[in-house]
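A.B. asks: Okay, here's the structure, questions in a sec.
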Amino acid sequence: MSRILVADDHPFFRLGVNAVLQMGGHEVVAMTGDGDATLDAVEREDPEIVLLDVRMPGRDGIATLQALRERGDDRPVIILTVEMSDDQLLAAVRARVNGIVFKHDGEDSLLKAINAVRNGLRYLDGQLIDKAIARASSANSPSPFRLAALTPKERVVAAHVARGLRNREIASLMETTEGTVKVYLHSIYTKLGISNRTELAMIRSSEPEE
């Protein structure tokens, strides 16, 4: 069971999500209708997971996610949406969104997403990943081989990240320490102008090998 905050500006939809979550054994600790109220409720109720509607009055879901990350809040966040623009999708990925669930996908998708983020995984539809790759490729460096800036060991780390491996697993495969892997990742992020593993995985997947 998880303690969850639900943020959506439609009361009827909030009640529906609340019912689904309760059937799934979760506890809804707060329901809010805009970004500012959500930020206050997160601080007050300290939920384990936050569900954010992408469209809300005032501070929308993306801006609320960004505000959480800017204040050092790394708790899992799942975006709920009917549709997303390419720019919204890329902004959400860059803000380290943990999951994106389409409202028309049904209750099973929401519960699967919650279970995934509870276990440290991401829940993103394959088509969304494809869109994010395409948007990131057009929005970032014009160089067709951005990975060429990396050292051989950094490229190995990037390849392992693209496979979904965690730092401990990468360290074991490379016969080094987790601290060394973190140093490699910091260097990779700096060279590629990115901020998280999802962006690195997208670049690694979208670029050809030398």
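The values are calculated or read from the model by the stated rules, or taken from the named source; none is laboratory data. Just so it is clear, the model here is predicted, and its values are computed rather than measured. No Cβ is skipped: glycine too gets one built from the backbone with ideal geometry, and neighbour counts run over all protein chains shown.
A.B. asks: Quick one: which residue in Leu165, Leu192, Leu200, Leu185 is of a type outside the set (Val, Ile, Thr) and either in the same structural domain as Asn98 (by TED's automatic domain parsing) or more than 19 Å from Leu121 (Cβ to Cβ) (or both)? Can you show your working first?
C.D. replies: Details: Leu165 fails: either in the same structural domain as Asn98 (by TED's automatic domain parsing) or more than 19 Å from Leu121 (Cβ to Cβ) (or both); Leu200 fails: either in the same structural domain as Asn98 (by TED's automatic domain parsing) or more than 19 Å from Leu121 (Cβ to Cβ) (or both); Leu185 fails: either in the same structural domain as Asn98 (by TED's automatic domain parsing) or more than 19 Å from Leu121 (Cβ to Cβ) (or both).
None of the others qualify; the one that does is Leu192.
A.B. asks: Only residues that are part of a helix (DSSP H, G or I), out of contact with any Leu (no Cβ under 8 Å at 6 or more places or on another chain) and either of a type in the set (A, V, I, L, M, F, W, C) or surrounded by 12 or more Cβ atoms within 10 Å (Cβ to Cβ) (or both): list them for the range 63-85, please. I'd like the intermediate steps shown before the answer.
C.D. replies: Narrowing the range 63-85 to residues part of a helix (DSSP H, G or I): 63-70.
Subset that is out of contact with any Leu (no Cβ under 8 Å at 6 or more places or on another chain): 63, 66, 69-70.
Hits for the range 63-85 are Ala63, Gln66, Arg69.
A.B. asks: Would you pick out the residues in the range 16-40 that are over 21 Å from Leu68 (Cβ atoms) and without any contact (Cβ under 8 Å) to a residue 12 or more places away in the chain?
C.D. replies: Of everything in the range 16-40, those that are over 21 Å from Leu68 (Cβ atoms) and without any contact (Cβ under 8 Å) to a residue 12 or more places away in the chain turn out to be Gly16, Ala19, Gln22.
A.B. asks: If I ask for residues that are over 21 Å from the mean Cα position of the chain (by Cα) and in a helix (DSSP H, G or I), which ones from the range 14-39 would you list?
C.D. replies: Selection gives Arg14, Leu15, Gly16, Asn18, Ala19, Val20, Gln22, Met23, Ala37.
A.B. asks: Could you list all residues from the range 1-26 that are surrounded by fewer than 17 Cβ atoms within 10 Å (Cβ to Cβ) and at pLDDT 95 or above?
C.D. replies: Within the range 1-26, Arg3 is the sole residue that qualifies.
A.B. asks: Across the range 86-101, which residue is surrounded by the most Cβ atoms within 10 Å (Cβ to Cβ) among those that are small (Gly, Ala, Ser) and assigned to a helix (DSSP H, G or I)?
C.D. replies: Residue satisfying both the conditions and the ranking: Ala92.
A.B. asks: What number of residues within the range 160-179 satisfy the criterion of being in a helix (DSSP H, G or I) and either surrounded by 16 or more Cβ atoms within 10 Å (Cβ to Cβ) or modelled with pLDDT under 85 (or both)? Step through it out loud before you land on a result.
C.D. replies: The first filter runs over the range 160-179 and keeps only residues in a helix (DSSP H, G or I), leaving 160-162, 167-174, 178-179.
Filter again for either surrounded by 16 or more Cβ atoms within 10 Å (Cβ to Cβ) or modelled with pLDDT under 85 (or both), leaving 160-162, 167, 170-171.
Qualifying residue count, the range 160-179: 6.
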